[in-house]
Amino acid sequence: MPDIEWTLCWEADLSAEHHTALAALFARYYPNDHATFTGARSWMGARPEARVIGFDDGRPVAHLGFVRRMLRLESGGSQLVGDVGLVGVDPDYQGTGLGRRLLAEAAAALGSQGLPFGFLTCAPAVVGFYATGGWQQALGQVTRMIDTELRPETYTGPALVLPVTAPFSAWPTGQTIIRDGLEV
Ligand SMILES: CC(C)(COP(=O)(O)OP(=O)(O)OC[C@H]1O[C@@H](n2cnc3c(N)ncnc32)[C@H](O)[C@@H]1OP(=O)(O)O)[C@@H](O)C(=O)NCCC(=O)NCCS
């Protein structure tokens, strides 16, 4: 495993050069979306507030972004989360344990911000990956959000929760969660 330096980077502290390097990384690990990640565009939907980045000799090779967000509960009330997205590892480094390390660093970063839970929506194919980092599926949960075309969307795919400072038993299960914004 290469000697990776992990940093929690806040959006206002990143330079255009950082964003350009991140966009190039995302185009590599999301090849189907490479057209989105051109120039210094280093976000897909919601722009992250903070990012956990693994650098190898100054080059970003692993990344995850999050925003601190109140999700709205169908039953009333709100739930604070670290809403996570843009997760990936440079293809040259995949399968070496870097993704697992990224999830551990992210859990520490969310904890450092006092966030009770991490939250993300993902494709069914990667639920197993997130499970290795302690993320658990909120079964029977539907997520309403805004899609990348800026239209309301009802997502019935996996919604995963990471217990950070709160236990999974405290998660508001079995109801529609409303993310009044774009996925990170
Ligand atoms: C998914 C991804 C981040 C995993 O990173 P990685 O560095 O290859 O993962 P690791 O080598 O640390 O593997 C960690 C564990 O997850 C498992 N795993 C990795 N990819 C997996 C997948 N797609 N589905 C299920 N399990 C997976 C590994 O087997 C390993 O488990 P083990 O330790 O019990 O053997 C990486 O493959 C990637 O960037 N893919 C493209 C982008 C993507 O799909 N991002 C996530 C969804 S947005």
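The values are calculated or read from the model by the stated rules, or taken from the named source; none is laboratory data. The shown structure was predicted, so the numbers you read here are calculated from the model rather than taken from an experiment. Don't worry about glycine lacking a Cβ; one is built from the backbone with ideal geometry, like all the others, and counts go over all protein chains shown. We work out accessible area using only protein heavy atoms, side chains counted, and drop any ligands, DNA or RNA first. Shrake-Rupley method; radii C 1.70, N 1.55, O 1.52, S 1.80 Å.
State whether the stretch 102-146 is rounded, prolate or oblate according to the following rule on the C-alpha gyration tensor (a ≥ b ≥ c being the square roots of its eigenvalues): a/c under 1.5 gives rounded; otherwise a/b larger than b/c gives prolate, and the remaining case gives oblate. The partial results should precede the final answer.
Values: a/c = 2.19, a/b = 1.35, b/c = 1.62.
Verdict is oblate for the stretch 102-146.
Which of rounded, prolate or oblate describes the stretch 1-47 when judged by the alpha-carbon gyration tensor and an a/c cut-off of 1.5?
Numbers: a/c = 2.00, a/b = 1.21, b/c = 1.65.
Here the stretch 1-47 falls in the oblate category.
Rounding to the nearest 20 debye, state how big the charge dipole of the stretch 5-182 is about its Cα centre with +1 on each Lys and Arg Cβ and -1 on each Asp and Glu Cβ.
On the way: 13 positive and 17 negative charges, 79 e Å.
Roughly 380 debye, rounded to the nearest 20.
Mind grabbing the base-10 log of I(q)/I(0) for the chain at q = 0.08, 0.15 Å⁻¹? Debye formula, identical points on the C-alpha positions, no solvent, two decimal places.
Log10 I(q)/I(0), no solvent term: -0.23, -0.86.
Do the sum for the chain: with -39,500 (n - 2.57) for every DSSP H run of n ≥ 4, divided by all residues, what is the mean residue ellipticity at 222 nm, to the nearest 500 deg cm²/dmol? Display every interim value, and only then the final one.
Working: 3 runs with 34 residues, N = 184.
Helix-only estimate at 222 nm: -5500 deg cm²/dmol.
Could you order HIS34, HIS18, HIS63 by accessible surface area, starting with the largest, using a probe radius of 1.4 Å?
Details: HIS34 105, HIS18 75, HIS63 0 Å².
From most accessible down to least: HIS34, HIS18, HIS63.
When the accessible area of the chain is split by element with a 1.4 Å probe, what percent falls to carbon and sulfur? Kindly include the intermediate steps, with their values, before the conclusion.
Working: 4390 of 8540 Å².
C and S atoms contribute 51 percent here.
Name the residue, out of GLY114, GLY174, GLY45, whose mean-square fluctuation peaks in a Gaussian network model built on the chain with Cα pairs under 10 Å.
Greatest mean-square fluctuation among the candidates belongs to GLY174.
On a 0 to 90 degree scale, rounded to 10, what angle separates helix 98-112 from the longest Cα axis of the chain?
Its long axis makes an angle of about 60 degrees.
Send over a whole-number figure in Å² for the accessible area per residue of the chain, probe 1.4 Å.
Result: 46 Å² per residue.
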